[in-house]
1. Could you give me D for region 78-164, from Stokes-Einstein at 20 °C and 1.002 mPa s, where the hydrodynamic radius is the Kirkwood radius over C-alpha pairs? Units µm² s⁻¹, please.
2. Within region 14-33, name every residue whose backbone N is under 16 Å away from a label modeled 7 Å from Cα of Lys210 along the Cβ vector.
3. Name the trypsin sites (Lys or Arg not before Pro) in region 178-257 that are in a loop by DSSP and that have at most 10 other C-beta atoms within 10 Å, would you?
4. Cα centroid distance between region 27-70 and region 265-326, in Å?
5. Please report how far the C-alpha centroid of region 110-151 lies from that of region 211-228, rounded to the nearest whole angstrom.
6. Assign one of three labels to region 1-107, namely rounded, prolate or oblate, based on the Cα gyration tensor with a ≥ b ≥ c the square roots of its eigenvalues; rounded applies when a/c is under 1.5, prolate when it is not and a/b is larger than b/c, and oblate otherwise.
7. Just the number please: accessible area per residue for region 79-228, 1.4 Å probe, all protein chains included, in Å².
8. With the contact rule set at Cα under 8 Å and sequence spacing of 6 or more, what percent relative contact order holds for the chain?
Amino acid sequence: MANLYPMRLRPLLQDYLWGGTRLATLLGKSVPEGETRAESWEAVDHRDGQSVVENGPLAGKELGELAEQFPEELYGAGRSFERFPLLLKYLDANKTLSVQVHPNDAQGATLTPPDLGKTEAWLVVAAEPGSKIYAGLKEGVGKDQLAASLEAGTCDECLHAFEPEPGDCVFIPAGTVHALGSGLVIAEIQQASNTTFRLFDWNRVDKDGKARPLHIDESLSVTDFDRGPVSAQTPEKLSSGWERLVECEKFVFDRFNFGKAKEETAIEYEVGFRILTVIEGEVTVRFKGGEETLSLGQTLLVPAVTEGVTAESISDQATLLAMRLP
Ligand SMILES: [Zn+2]
């Protein structure tokens, strides 16, 4: 008898100054009336946040505790990690975020305290007309030019920007300069890291005239100046009907679009866990021993040990995202 089973995890809502109300209105997250939230951490094992199981006999247990106790059931035979290596979150960018860059694993290991690097990918869930994504530097921008623009407060002139559509996926490996523009709601899969270097805050100050701290030297030292402009990914159609959005050394990110109610798909299941989340409609996930229904914005962590996992749409239109380790 396995100890682990598909787990619903309690969302951890984060209140940053750029957040809005759409995590509640669009994704059904629980936010007190009149308040805003920026992020909902859906699956996380980090010193800055711990997912807690909501369903079944393990209710109340932390993800980190379970990962330590049942590594093979979670990750598959012979695999273990110091902690759960991925983090899924939803973000509501009601205001434009600061321009940021994240270190890679080697750079993260030298920090105090050490952290993983952060490679991430975004899936645009909703976009107000005219919302922008800033991703990568314009062609030919090097360290000197970026440093001079930061000095002059004109960093935006160095950034590649585009207006994304809902459904666009943007891949941001560590070292890629990026910012989410106001009006976007996204799902983000990333390495379980919380290290961000802020290059530029759009010359904003708070009501007391104070700017948020910048990390210019750290940013310049981890920026990948060969990365260049970044646009939306071109999804790859898999024979299973799924689309592969990103496959990199840190994670694999897939999507299934259901075109009608009661459409069924298998969830391809090699070794390893799956994080499943629904960004449109409603989906029932079935597996040996049970089922869970996921509404819009809800997440299920399916451990490696669970067998026979399939998903079926309840609504006419539904979209399921699946994230796993490579
Ligand atoms: Zn980021």
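The values are calculated or read from the model by the stated rules, or taken from the named source; none is laboratory data. The shown structure was predicted, so the numbers you read here are calculated from the model rather than taken from an experiment. Virtual Cβ from ideal backbone geometry, glycine too; neighbours counted across all protein chains shown. With ligands, DNA and RNA removed, areas are computed over all heavy atoms of the protein, side chains included. Shrake-Rupley method; radii C 1.70, N 1.55, O 1.52, S 1.80 Å.
1. D, rounded to a whole number, is 134 µm²/s.
2. The answer is 17, whose backbone nitrogens lie closer than 16 Å to the label point.
3. Lys207, Lys210
4. Cα centres, region 27-70 to region 265-326: 18 Å.
5. For region 110-151 versus region 211-228, the Cα centre distance is 9 Å.
6. oblate
7. For region 79-228, the solvent-accessible area averages 42 Å² per residue.
8. Rounded, it is 19 percent for the chain.
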